[in-house]
Amino acid sequence: MNQEITKAFVTKADGNLIRIKVLDNSLLTEVSKLGFVFDSNCSDYFLEVQDESKKSKTFEALRDLDVYFSAGKEWCPAEVFEYLRDSGLLTGKYTKISWRSPNNYHLTLE
């Protein structure tokens, strides 16, 4: 396991749905203020966004809360972040999280 504490990470962000896995309960108030709702079927939080502008603002707020963006295949959250940044809707860096095994992950500042 890594030394750095992972508070939460975005697991899905394609389409109009953003899903995050919260590991540190100290984030629950802030996540709720952003409009995220707990989904007991998936044990994560979700938010429906209307457009890329709202998604960008939500991504910016999540990044500022030290929430990481998952790497992976086909429009993973990290790729969506980069797309929004390349489109001029976001600026700045974010932290990408990728897994080597279930308890072994790698963080990259992008």
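The values are calculated or read from the model by the stated rules, or taken from the named source; none is laboratory data. Predicted, not measured: the structure shown is a model, and the values here were computed from it. So basically every Cβ, Gly included, is an ideal-geometry build from the backbone, and we count neighbours across all protein chains shown.
Suppose we keep only residues that are surrounded by 10 or more Cβ atoms within 10 Å (Cβ to Cβ) and over 14 Å from THR11 (Cβ atoms) within the stretch 93-103. Which one would you say is farthest from the chain's Cα centre (by Cα)?
LYS93
Can we say ILE18 is surrounded by 15 or more Cβ atoms within 10 Å (Cβ to Cβ), over 17 Å from GLU110 (Cα atoms) and β-branched (Val, Ile, Thr)?
yes
Just checking, which of ALA13, ALA71 is closer than 24 Å to LEU89 by Cβ, free of Cβ contacts under 8 Å to residues at least 40 places away in the same chain and small (Gly, Ala, Ser)?
ALA71
Kindly indicate the residue of the stretch 33-51 that is of a type in the set (Gly, Ala, Ser) and at pLDDT below 95 and also nearest to the chain's Cα centre (by Cα) among those meeting that condition.
SER43
Within the stretch 77-110, how many residues turn out to be in a strand (DSSP E or B) and of a type in the set (Phe, Trp, Tyr)?
2
How many of the residues making up the stretch 32-68 are without any contact (Cβ under 8 Å) to a residue 60 or more places away in the chain and not in a helix (DSSP H, G or I)?
20
Quick one: count up the residues across the stretch 49-89 that are of a type outside the set (A, V, I, L, M, F, W, C) and either on the phi > 0 side of the Ramachandran plot or loosely packed, with under 12 Cβ neighbours inside 10 Å (or both).
Of the residues in that region, 11 qualify.
Taking ASN2 as meeting all but one of (1) at pLDDT 95 or above; (2) in a loop (DSSP other than H, G, I, E, B), write down the number of the exception.
So ASN2 meets the others, but not (1).
Can you list residue pairs whose Cβ atoms sit under 6 Å apart, with the first residue in the stretch 77-103 being in contact (Cβ under 8 Å) with a residue 40 or more places away in the chain and over 19 Å from ASN16 (Cα atoms) and the second being in a loop (DSSP other than H, G, I, E, B) and not polar (S, T, N, Q)? Count only pairs 6 or more apart in sequence or on different chains.
Cβ pairs passing all conditions: ASN103/MET1.
Condition first: among the charged types (D, E, K, R) and at pLDDT 90 or above. Now tell me which residues in the stretch 66-110 satisfy that.
Those that are among the charged types (D, E, K, R) and at pLDDT 90 or above: ASP66, GLU79, GLU82, ARG85, ASP86, LYS93, LYS96, GLU110.
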